[in-house]
Every structure is written in C-alpha cells, then in structure tokens.
Amino acid sequence: MMKSHTCGQLRAGDAGARVTLAGWVHRRRDHGGLAFVDLRDRWGITQVVFGPNMPPEARERAERLRNEYVVRVTGQVRTRPEGLSNKALETGEIEVVASDVEILNESKTPVFYLNEEVEIDESLRLKYRYLDLRRQRMQRNIILRHEVVRFIRNHLSDQGFVEIETPILIKSTPEGARDYVVPSRLHPGSFYALPQSPQQLKQLLMVSGFERYFQIARCFRDEDQRSDRQPEFTQLDVEMSFVDREDILQLTERLFVDLVAAVPKKRILQTPFPRFTYREAMDRFGSDKPDIRFAMELVDLSDLVGESSFRVFADTVASGGCVKAVVAPGAGDYTRRQLDELGELAKRFGAKGLAWLVVEEAGVRSPIAKFFGDEQKEA
C-alpha cells in the first residue's frame, strides 16, 4: 500500500506515530515559513504541516503544491496546540508534521471550487463529472446509497428473503410505460426490451415456490421526464407468497424504521406509521403520497358556500364538486401584490384562479366577501 492510514483515521492516540498519507490537496494556507495543507481522501481530511526543517528537495516540492494535486506525504503525528483543534473534523485534534512529500500527479486549476459548498451550474458539473464526484457532498451521497442498499440486503436476508437477479433483455410485454428496445444481431428485425420493472419475472419466481424474493432492480422507461422519474432508475422489488396486506405493511414499515435508525442516524417522528385510506389522503392533503408534516391541510367548505350567491362556488357544489380552502395562519398581512402572485402560482399548476379571504379583527376582507352573509363569514 502507498499509505499507512487514511486521511480520516488518525486520532490523538496516534500522536508520535510515523505515518504515510496519500490523497488530494484540498486547501493550502501559507503562514511565513510554515505551510498548512488539508489532505483529502474518501475517508476524510487531515491537516499536514510543512515546516522549515524539511530537507531542501522536499521543501521545494511542498512549495509547488496547489489545490487538487495528488500527493503522498510522510511525517509524524502530533496533537495540535491548545486551542487550535478543529472540532469540525474528526481528525481535528491532530496534525501530521511532514518530513517528505511526493507529487504523484499535478493538477490544472479546477473550473469550480471543490473545497467550498457553493451552487454550481448543473451543466458545468456534468461536463466535469470527475471533479463533481470529488466534492464531499457527492461522495457522501454515493456512500449513503451504498450503506442503504447494504442494509436492505442484510435486513431482508435476515427475514428469509432470497436475492435473485432477473434478466435485463426480455420479450416486450404490454404494460403501462413505453419500452426501450434493443435490436437483435442474430435475429434481424427482432428486438429485446429493457424491463420497465421485472413484474412478470417476479410472478414467475412466486409460482416457482421461492415465496420470498427481493432485488435491487434496474428499470427502464422510455417516457417523458418527471420530477421523480428518469429514463433509468433503481427500485427495490419485493415479492411474497402466502401473506396478506398486513404482512406487507408491517414488513415495509419495519424495514424503513430500522433503516433510518441504522444508516442516516435520523429520528422518525412517529411510529407506528399513521395509515390513511386513499379518500382520506385526497380529502385532507390533495395527494395520495402526502407529506404529513405540511400543516396546511385542505378544509372542505362546500356546505358553507354551496348556498351562497357566488356562482363559481354554488355551481361547483350543485354539479357534485366541492370547494376546499387552505388556511394560512399569519398570512393576513399579505399585500395585494403578494396575493396576486399566489393566484398566478396556482394557475401555473393548473388551477383557473385563486380566491382569497383575509380574516381580521374587523371581520372578513376579500373581493368575494360581498357574496356571503354574516353567518357564512363567521362560519
């Protein structure tokens, strides 16, 4: 190995040890005769000190270091002076006093900052993807995904599931979305299809008697992009035999609760998960996959406004529709311009407009208040 430790491994207990580190120059700071370099690899960052006592050749190489140079450093671990530890780093109690440095690869000046969490144009990030993937945020995301998948595999395996890999090239089937097709060289004019999801294959496994199966499956859909869907994506497929709905719900809930506790170390606000019927979810949130932390639930006003003289509401209720409101506490001091902007926002999402009523100490203020009697306004 070209290094004895990772850049996220050393602690105060390693003080006095002679070590070799390798990684990327994350940041360089010069202070007269001293230079401080934050050396980075996948595991973390270690501060390296280049002092005046280094051999001349090593000192010359150290002065050439710039951001994103790939280097190997040899030196001795020491604890940082009192009051100079960096609590933001896991290695913040120590530093490595370098005795030698080897430049493994030089670097041009990066086209965007890698040592700062700043917004970067997405097209630029994708053009220089190898740089983007060096950023700590991106590496954390990829490592988190790895940990999630590893936990799922272990958890379901402990529950008696078997992981089975299903074919990618299969016969096209008449399902919902459009297939991507792959021409066959051996059978001109014929095509394989990339699976939208391995539904038929899962059913085949159940019929074959496997009873409990799962797969971290790649899926392909030749359809328009959506906010939560792209041409290819990964999903967890689970299939079970001899179970009822409650078994499925309990298995899924236990998986998510244990996963969140073990991997991202987050806290789930409520267990067991609340359950809603489809109708209840639509009535309260207007969505079949609601974020229940959103406090402004829909309120049905149909009974109150159905007999009003405001024809838009009355005709809607008379034709079997409903009139719902969102209560926004603290928004009563919105200006007319702000309210008009909310109306335009509603139109962009498909509504024909947005009616508003402001409830004040003096009563109800609204362009449509004149269509309602005092009792209706109070209600």
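The values are calculated or read from the model by the stated rules, or taken from the named source; none is laboratory data. Small disclaimer: the values here were computed from a predicted structure and weren't measured. A quick note on method: Cβ atoms are made from the backbone with ideal geometry, for glycine too, and the neighbour counts reach across all protein chains shown. Each accessible area value is taken on the protein alone, full model and side chains, heavy atoms only, with ligands, DNA and RNA left out. Shrake-Rupley method; radii C 1.70, N 1.55, O 1.52, S 1.80 Å.
Less than 5 angstrom separates the built amide H of ARG178 from those of ASP222, all sequence-distant by 5 or more or on a different chain.
Largest first, the extents of the alpha carbon coordinates of the chain on the three principal axes equal 91, 68, 45 Å. At a Cα cut-off below 12 Å, give the aspartates and glutamates reachable from LYS108, other chains included and same-chain residues fewer than 8 away excluded. Reachable aspartates and glutamates: GLU68.
Over the residues of the chain, the helix contribution to mean residue ellipticity at 222 nm works out to -8000 deg cm²/dmol, using -39500 (n - 2.57) for each DSSP H run of at least 4. Relative contact order, whole percent, for the chain stands at 8, derived from Cα pairs under 8 Å and 6 or more residues apart. Taking amide H positions as modeled 1.01 Å from N, with prolines and chain starts lacking one, the residues under 5 Å from ILE94 and 5 or more places away or on another chain are ARG80. Backbone phi angles across the stretch 302-308, fed through the Karplus curve with coefficients 6.51, -1.76 and 1.60 (θ = phi - 60°), yield HN-Hα couplings of 4, 5, 7, 9, x, 9, 6 Hz in residue order; Gly and Pro are listed as x.
Residue order by solvent-accessible surface for CYS322, CYS7 is CYS322, CYS7, largest first, with ligands and nucleic acids left out and a 1.4 Å probe. Computed 3J(HN,Hα) for the stretch 102-114, one whole-Hz value per residue from the Karplus formula 6.51 cos²θ - 1.76 cosθ + 1.60 where θ = phi - 60°, is 10, 8, 7, 7, 7, 9, 6, 5, x, 6, 8, 5, 9, glycine and proline marked x. Here the chain is assigned +1 on the Cβ of each Lys and Arg and -1 on the Cβ of each Asp and Glu. Its dipole about the Cα centre then comes out at about 1380 debye. Once divided by 2.2 N^0.38 Å, the Cα radius of gyration of the stretch 45-171 becomes 1.54. Projected onto planes of every orientation and averaged, the convex hull of the alpha-carbon atoms in the stretch 110-182 covers 8.6 nm².
Note on the stretch 251-313 and the stretch 24-54: Cα centroid distance 51 Å, given to the nearest whole angstrom. Straight-line reach from LYS347: which lysines fall under 17 Å, measuring Cα to Cα and dropping same-chain residues less than 8 apart? Result set, ordered by chain and number: LYS324. Sorting LEU65, LEU304 on solvent-accessible area from highest to lowest, probe radius 1.4 Å, gives LEU304, LEU65.
Of ASP374, ASP132, ASP315, the residue with the largest accessible area leads and the full order is ASP374, ASP315, ASP132 (1.4 Å probe). Its Cα gyration tensor gives the stretch 144-248 an equivalent ellipsoid, and the semi-axes of that ellipsoid, as √(5λ) in whole Å with the largest first, are 27, 18, 13. In terms of distances greater than 32 angstrom between alpha carbons, the cross-link table entries LYS352/LYS377; LYS202/LYS289; LYS289/LYS352; LYS266/LYS377; LYS265/LYS352 yield LYS266/LYS377; LYS265/LYS352. Along the stretch 19-27 the Karplus relation, 6.51 cos²θ - 1.76 cosθ + 1.60 evaluated at θ = phi - 60°, assigns HN-Hα couplings of 9, 10, 10, 9, x, 9, 6, 7, 7 Hz to successive residues, with x for each Gly and Pro. Comparing LEU133, THR6, THR74 along the charge dipole axis of the chain, the residue lying farthest to the positive side is THR74, per the Cβ-charge model. Surface composition of the stretch 21-71: carbon plus sulfur atoms hold 53% of the accessible area, using a 1.4 angstrom probe and ignoring ligands, DNA and RNA.
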